[in-house]
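Let me begin by presenting the structure, written as structure tokens, before commenting on it.
None of the figures in this text is laboratory data; all of them are computed from the coordinates on show. A quick note: this is a predicted structure, and the numbers were derived from the prediction, not measured. Note that we place each Cβ from the backbone using ideal geometry, even for glycine, and neighbour counts take in every protein chain shown.
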Amino acid sequence: MRHLIKQEGYDDHTLADDIERGFSLVGDSTLSSVLPPKLVPATISEEDLHRHSDKASKALRYVTRSSGDDELDWGLWTKNSIGGGQRMDARSFTIGRFTHGRCSSRGVPLSQSGKVRPTDDLSQSQVNSTVNTYKQATVDDPDGICS
């Protein structure tokens, strides 16, 4: 990837390093030199997230339910119990570990090309609310893509 970034003259020279290091789910998002600026501050602190994580995790267990598709639920269960070292209970509930304590997020199964892709709802657990972003992701319209 580093070679392609250099060869193509892509402006975000640290992208390969960021991907190799991984992206934090809390705190400051990585800076990009190619996206337009837009500050979206976190609405809660990491400390508040962790301080309330036990109560929030217990509450989340009561609202977590089946996706409505037994096959998707089973796929989510098997993906999370076999891979990734995450535990799940019978209500398709994912337990994730974050840097300073335990924080829970509901597992959500997505069907893509006949396979189940496990994702986490990080907005409901308020993990997304702890991130400061400084750039705005953009999506080109069809005219921009074609040109």
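Only Lys, Arg, Asp and Glu count, each charged at its Cβ (+1, +1, -1, -1), so figure out the dipole size of segment 1-80 about its Cα centre, rounded to 20 debye.
260
What list of ³J(HN,Hα) values in whole Hz, one per residue of segment 24-36 in order, does the Karplus curve 6.51 cos²θ - 1.76 cosθ + 1.60 (θ = phi - 60°) give from phi, with Gly and Pro shown as x?
Once θ is set to phi - 60°, the couplings for segment 24-36 become 6, 7, 10, x, 7, 6, 5, 8, 10, 8, 10, 8, x Hz.
Tell me the label-point distance for the pair residue 59, residue 143, using the 7 Å Cα-to-Cβ offset, in nm and rounded to one decimal.
4.6
With a point put 7 Å past each Cα toward its Cβ, work out how far residue 121 is from residue 11 in nm, to one decimal.
So the label points at residue 121 and residue 11 sit 3.8 nm apart.
Mind giving me the nanometre distance, one decimal, between the label points for residue 112 and residue 20, set 7 Å out from Cα along Cα→Cβ?
2.5
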